[in-house]
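Working notes, structure below.
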Amino acid sequence: MNEQYLGLLTGFLFGFLLQKGRVLRFDKQVGAMLLQDMTILKFMLSAILVGMIGIHLLSDLGILKLSHKPMNIGAVVLGGILFGAGWAVMGFCPGTSVGALGEGRWHAIFAIAGMLGGAVLYAELYPYLTTTVLAWKDYGKIGLPAALGVSHWLIIPVACALYIGLFAWFERKNL
Amino acid sequence: MRRRPDDGGWNPYFAGALVGLLAIASAYATTIWLGKTTYLGASTTFVRAAGFIERSIAPDHVAANTYYTKEKVKVDWQFMLVLGIFLGAAVSSLTDRSFKMERVPPTWERRFGPSGARRAAAAFLGGIVAMFGARLADGCPSGHGLSGLMQLSLSGFVALALFFGTGVLFAHLVYGGGEK
């Protein structure tokens with residue numbers, strides 16, 4: 001299959017499931033950040049739980065490769081903080097903004113326009129950032145198991161237990 | 001546990017678990033067809049889309065920019081994935097009647113009133129800051145959150161904790177905590 005068709009089909013299914021899970025909406029995203037409605041965390045951590053087991057099985061069998069993003073400390077920490085601040089005001093993340101537009105929440109178009117502006121700004125400042133924030137300290141493309149020096153099959157059950165424990169807590173608190 | 005949310009959507013655990021299966025299938029399919037395992041993500045597409053727009057105005061400037069050169073301004077797998085999200089959400093919402101034209105979301109209106117212009121300005125400014133952060137961190141809640149945590153990436157755990165932690169702090173500052 002052609003690269004573009006594969007992307008479109010995968011995106012279609014992803015968007016369909018995001019919409020069915022009702023996680024695209026501004027109110028769901030801000031609801032999670034206000035710690036009042038944990039729908040997006042239930043959705044996301046369920047996907048992570050299932051995906052984590054499958055991806056590691058296939059990776060162990062040599063069928064696919066893991067692709068960690070670099071643990072560049074300045075970039076991830078400053079970027080993470082800026083993203084969180086913008087996310088709270090915007091009420092969408094990059095992926096959900098286009099999905100929200102698809103379900104009629106057309107004010108997402110302004111968020112999308114802003115994000116395109118943010119991308120331009122980043123591209124313009126990139127040469128400056130490579131000699132500053134991005135040059136601070138890069139721990140490389142590393143996974144938690146390698147960082148701790150243990151097998152991923154030791155971490156996976158712990159992560160599963162943690163996520164299921166969170167689900168139980170969300171349900172008990174009716175979040 | 002409620003089996004279905006009140007508005008006819010699917011149980012979020014169920015829909016999320018299906019996304020987990022989709023992520024596995026997608027990682028496998030990209031390995032086969034693209035020759036490289038590619039994980040779900042969205043924010044790089046905004047760089048490419050911005051590059052296309054900027055290139056129509058200032059082609060030489062885009063060609064000379066090191067970041068656009070690094071990320072490559074092209075319609076690739078992820079670009080089509082993001083378009084697919086739009087279409088999938090449209091089909092899902094139109095077929096189960098949850099499609100709704102919305103100018104100002106309810107949570108926003110309770111705090112800042114019905115002004116569409118105010119909402120638009122805030123969404124635009126929030127978008128600039130968020131995307132700048134996502135590009136700096138090299139990922140968004142899809143790339144760092146979903147795909148990163150699935151792979152047990154160190155950067156994914158740090159990024160998602162900061163996305164959510166800062167989000168919680170700012171949401172309480174902006175919308176005021178407490179009232180439901």
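The values are calculated or read from the model by the stated rules, or taken from the named source; none is laboratory data. In this text the structure is predicted, and so the values were computed from the model without any measurement. We place every Cβ from the backbone using ideal geometry, glycine too, and count neighbours over all the protein chains shown. These area figures cover heavy atoms from the full protein model, side chains too; ligands, DNA and RNA do not enter into them. Shrake-Rupley method; radii C 1.70, N 1.55, O 1.52, S 1.80 Å.
Does at least one position in the stretch B:29-51 carry a residue that is open to solvent by 80 Å² or more (accessible area, probe 1.4 Å) and either within 27 Å of B:ASP96 (Cβ to Cβ) or touching a residue at least 24 places away in the same chain (Cβ under 8 Å) (or both)? Looking through the stretch B:29-51, none of the residues is open to solvent by 80 Å² or more (accessible area, probe 1.4 Å) and either within 27 Å of B:ASP96 (Cβ to Cβ) or touching a residue at least 24 places away in the same chain (Cβ under 8 Å) (or both).
If you take the residues in the stretch A:52-71 that are more than 7 Å from chain B (Cβ to nearest Cβ) and part of a helix (DSSP H, G or I), which one is surrounded by the most Cβ atoms within 10 Å (Cβ to Cβ)? Ranking the candidates gives A:HIS56 first.
Of the residues making up the stretch A:139-169, those that are surrounded by 15 or more Cβ atoms within 10 Å (Cβ to Cβ) and not hydrophobic (A, V, I, L, M, F, W, C) number 5.
Looking at the stretch A:72-106, which of its residues are surrounded by fewer than 24 Cβ atoms within 10 Å (Cβ to Cβ) and in a loop (DSSP other than H, G, I, E, B)? Those that are surrounded by fewer than 24 Cβ atoms within 10 Å (Cβ to Cβ) and in a loop (DSSP other than H, G, I, E, B): A:GLY104, A:TRP106. Against the test of being facing chain B (nearest Cβ under 7 Å), at pLDDT below 95 and farther than 23 Å from B:ILE128 by Cβ, the options A:GLN4, A:GLN19 yield a single qualifying residue, A:GLN4. Can you find a residue in the stretch B:91-107 that is under 18 Å from A:TRP106 (Cα atoms), part of a helix (DSSP H, G or I), at the interface with chain A (Cβ under 7 Å from one of its Cβ atoms) and over 20 Å from the mean Cα position of the chain (by Cα)? Among the residues of the stretch B:91-107, at least one is under 18 Å from A:TRP106 (Cα atoms), part of a helix (DSSP H, G or I), at the interface with chain A (Cβ under 7 Å from one of its Cβ atoms) and over 20 Å from the mean Cα position of the chain (by Cα), which makes the answer yes. Checked against (1) open to solvent by 20 Å² or more (accessible area, probe 1.4 Å); (2) in contact with an Asp or Glu (Cβ under 7 Å, 6 or more places away or on another chain); (3) facing chain B (nearest Cβ under 7 Å), A:LEU49 meets all criteria but (2). Of the residues making up the stretch B:144-156, those that are part of a helix (DSSP H, G or I) and either more than 7 Å from every other protein chain (Cβ to nearest Cβ) or without any contact (Cβ under 8 Å) to a residue 40 or more places away in the chain (or both) number 8.
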